[in-house]
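Below is one structure, written out as C-alpha cells; the observations come after it.
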Amino acid sequence: MTVEFKKEDQKQMTKWIGGRKKYTLLYKATRDGCTVTAFHNNCNNKGPNVTILYNNDNFIYGGYTSLSWKSVGNYQVDPKAFLFRLYQNGNWKPVQMPVTNTQNSIYDHASYGPTFGAHDLHAFSATINFDGTVFALNGSTNFGTSYTMNGENYNSIANGNLKVKDIETYLVEDIPAGAALDEPWRRTPEWNTKLLDELKGRIERYKPLKELKISQARLLMIGEVGAGKSSFFNTINSIFRGYITSQACSGNAEHSLTTVYRMYQIRNGETGKPMHFRLHDTRGLEADQGVDANEMAYLLDGNIPDRHQFNPSVPVSTDTLGFVGSPHLSEKIHCVVFVLDGSTVDVMAEKVIERLKNLQMRMNQRGIPQVVLLTKIDKICEITGEDLSNVFHSPLIKETVDRVSQIMGLPRSHILPVKNYESEMDLNENVNILALMTLQQMLHFADDYMYNYLDQLEEGKLQQLNIRE
C-alpha cells in the first residue's frame, strides 16, 4: 500500500471537519527528517492541520487539530480536535474519535512531535532515524484518556506498534463558497455562451483530411462496465439535439449493457445530417470478460461490422457474419478513447489494468493515438460538482489526471476530464462546454493519426500499414 493521502482520504477528512477544505503538505518525515525541530519548523503558526501516520502494517491513522502548533510547552484547548483511522491492514475502515477532555486536546511542546491528548497519541520525541524501511517511533499511546475511542484500541488503530513508513502533516484551509480551488493547471478560454457556440460550430464544420478520402473520423471507446462509454455518446448527442437523449443504453448494471458493437452517428439537430465523425461503442471491460486482444485487432483494423453481436463463446474470425475482409482506411479506427471512472481509479482491479495494457499493445503496433476520458469528475471533487467550470482549478482532479497518466503510460494532455449527463433533465452550459472541448481534442488526435498515415503514404510505406499483427 502506497504512502499517500489520496483524494478519498481527503474527502473523508473533510466530512469529519466540515465545510470545504484544501490540504497542503507542511511536513513529511522522509523528506524533512523525523525530528521535533523539523516538525515544529515546518508546522508552527501555520493554522489547522491534520497529522497522518502510515503504519508499517498498512494501518493509517492520526489526529486533527483546528489550532496551530506553537511550542507553548503546555496543553491546548481544542473542542474540534479528533483522532481517526482511515485504513486497517490496508482495508478502508474510517473511524473518527472525538476529543472528550478538551482541556488536554493537544500537548504543544518544543520537545515533542505531534501529540494529541494526555499522550493518547504521542508520535515521537527528539530524533528518529530511518532504518531504510521504517521509523521505529519512540512515542507512546494512551488511547481513551482524552478522546472517546468508539470501541477502538491500540491494536485496531496501529496494530499494536509505532513503526511507520512515514509521517505527514497537512495544513487544512477553508475554501470560500463559489471560489476556484487553485490556479488553473490546464488553461482554457473563458467559459461562456460564446465559447459554447464556437465549439459547436467547429465540430459541426469538422472534416477529416480530404487527401485520404475519409468521410468520418472513427473514435473507438473502450472501458470498464459503468464507466460511461454509452453515456458520453448520449451527452454529445444531447448537445446537438438540443435536449437530453438516451439513444445508447447506459446504466449501472453489474455486467455490460453494451453487447452489440455500435458505430453511432452524431447528427446536426437542425438538418439531421450526420457529422464527420463517429463514436464506436463496444462492450465494457471486466476482470475476466470484455474485448480481448484478438477482437481488439479486428476492431482497430475495421474488420468488425456495425451491430455485430458479441458472443464470448464464439470468437470473432474471418468467418464471422459481415466480416470486412479488406477494410479501407476510412473503416479503421483513428483514435482510441479509454473511458475510466475517475472516482474509482484508485481501486481499479489489477486484472483490468493488465487487460488495458494488453489492448494498448495492439494500438501501439498500429500507431493509433490514445486518450483517456476521465468520467464522473463531480464525484472526485465536491466544488467541481457544484460548478463544473472549476474542473481545471481542482488539485484533486489534477492528482487523478496525474495518477491515470502514470497507470496508462500516456501524457497528461491525453487525460481528458468530463462529466456526462446522468440524472439531469435539462442541458447545462458547462457540461456542454467541457464535453465539446473533450471531443474537439479527440478529433485533433484522430487528425494526427491521419497526418502520419498521409506521410507514410507519400513515402511509399502504405503497404506495411495494412499488415495485421
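The values are calculated or read from the model by the stated rules, or taken from the named source; none is laboratory data. Computed from a predicted model, the values in this text were never measured in an experiment. Don't worry about glycine lacking a Cβ; one is built from the backbone with ideal geometry, like all the others, and counts go over all protein chains shown. Note: areas computed on protein heavy atoms with side chains; ligands, DNA, RNA excluded. Shrake-Rupley method; radii C 1.70, N 1.55, O 1.52, S 1.80 Å.
Relative to the longest principal axis of the chain, what angle (0 to 90°, nearest 10) does the C-alpha long axis of helix 395-408 take?
Tilt relative to the chain: about 60 degrees.
Heavy-atom accessible area per residue, the stretch 11-63, 1.4 Å probe: how many Å²?
On the way: 1900 Å² over 53 residues.
Per residue, the stretch 11-63 has an accessible area of 36 Å².
So what's the angle, to the nearest 10 degrees on a 0 to 90 scale, between helix 7-17 and the longest Cα principal axis of the chain?
The two axes meet at around 50 degrees.
Just the number please: accessible area per residue for the stretch 285-422, 1.4 Å probe, all protein chains included, in Å². Please report the intermediate quantities before stating the final value.
Values: 5460 Å² over 138 residues.
I get 40 Å² per residue for this part.
Which one, PHE392, SER326, LEU209, projects farthest toward the positive side of the charge dipole computed for the chain from Cβ point charges (K/R +1, D/E -1)?
Going by the Cα projections, it comes out as LEU209.
Dividing the alpha-carbon Rg of the stretch 6-87 by 2.2 N^0.38 Å yields what?
On the way: Rg = 13.1 Å, N = 82, 2.2 N^0.38 = 11.7 Å.
Cα Rg divided by the expected 2.2 N^0.38 Å: 1.11.
Kindly express, to the nearest 10 degrees and within the range 0 to 90, the angle between helix 350-366's C-alpha long axis and the longest C-alpha principal axis of the chain.
Its long axis makes an angle of about 40 degrees.
Let me know the charge dipole size of the stretch 1-81 about its Cα centre in debye, to the nearest 20, where only the beta-carbon of Lys, Arg (+1) and Asp, Glu (-1) is charged. Please list the in-between numbers first.
Numbers: 12 positive and 6 negative charges, 87 e Å.
That gives a dipole near 420 debye.
With charges set only on the Cβ (+1 for Lys and Arg, -1 for Asp and Glu), what does the dipole of the stretch 120-186 come to about its Cα centre, in debye to the nearest 20?
Dipole of the stretch 120-186, to the nearest 20 debye: 280 debye.
From the square roots a ≥ b ≥ c of the eigenvalues of the alpha-carbon gyration tensor of the stretch 90-222, which class results: rounded (a/c under 1.5), prolate (a/b over b/c), or oblate?
Values: a/c = 3.33, a/b = 2.57, b/c = 1.30.
The shape class here is prolate.
How big is the antiparallel share of DSSP beta bridges in the chain, given as a percent to the nearest 5? Don't skip to the answer; put the middle values down first.
Details: 53 of 74 bridges.
Antiparallel bridges make up about 70 percent of those DSSP assigns within the chain.
Would you work out the Kirkwood radius for the stretch 320-467? I mean one over the mean of 1/r across all pairs of different Cα atoms, in Å.
Working: mean 1/r = 0.0581 Å⁻¹.
Taking the inverse mean of 1/r over all distinct Cα pairs, the stretch 320-467 comes out at 17.2 Å.
Calculate the dipole size of the chain relative to its Cα centre from +1 charges on Lys and Arg beta carbons and -1 charges on Asp and Glu beta carbons; express the result in debye to the nearest 20.
Values: 48 positive and 53 negative charges, 92 e Å.
Using Cβ point charges on Lys, Arg, Asp and Glu, the chain gives about 440 debye.
Can you give me the distance in nm between label points at ASP448 and ASP306, each placed 7 Å from the Cα along the Cα-to-Cβ direction?
Inter-label distance under the simple model: 2.8 nm.
Give me the number: length gained by fully extending GLU4 to VAL77, i.e. 0.36 nm times residue separation minus the C-alpha to C-alpha distance, one decimal in nm. The partial results should precede the final answer.
On the way: separation 73, 0.36 × 73 = 26.28 nm, distance 2.95 nm.
Residue separation times 0.36 nm, minus the Cα-Cα distance, leaves 23.3 nm.
So, in Å, what gap is there between the alpha-carbon centers of the stretch 367-409 and the stretch 91-130?
For the stretch 367-409 versus the stretch 91-130, the Cα centre distance is 35 Å.
Given the rule -39500 (n - 2.57) for each run of at least 4 DSSP H residues, summed and divided by the residues of the chain, what is its mean residue ellipticity at 222 nm, to the nearest 500 deg cm²/dmol?
Numbers: 12 runs with 133 residues, N = 469.
It comes out at -8500 deg cm²/dmol, rounded to the nearest 500.
Which one of PRO305, GLY223, SER317 has its Cα pushed farthest toward the positive end of the charge dipole of the chain, where Lys and Arg give +1 and Asp and Glu give -1 at the Cβ?
Towards the positive end, the residue furthest out is PRO305.
For the stretch 76-164, which whole-number percentage of the solvent-accessible area (1.4 Å probe, protein heavy atoms only) is attributable to carbon and sulfur atoms? Walk me through the intermediate numbers first.
Values: 1580 of 3730 Å².
Solvent-exposed carbon and sulfur of the stretch 76-164 make up 42 percent of the total.
Taking all protein chains in place and a 1.4 Å probe, what share, in percent, of the accessible surface of the stretch 361-445 do carbon and sulfur account for?
Details: 1450 of 3090 Å².
Carbon-and-sulfur percentage of accessible area, whole number: 47.
Would you work out which of ASN41, ASN56, ALA29 lies farthest towards the positive end of the dipole of the stretch 19-60, given +1 charges on the beta-carbon of Lys and Arg and -1 on that of Asp and Glu, about the Cα centre?
Positive-most Cα among the choices belongs to ASN41.
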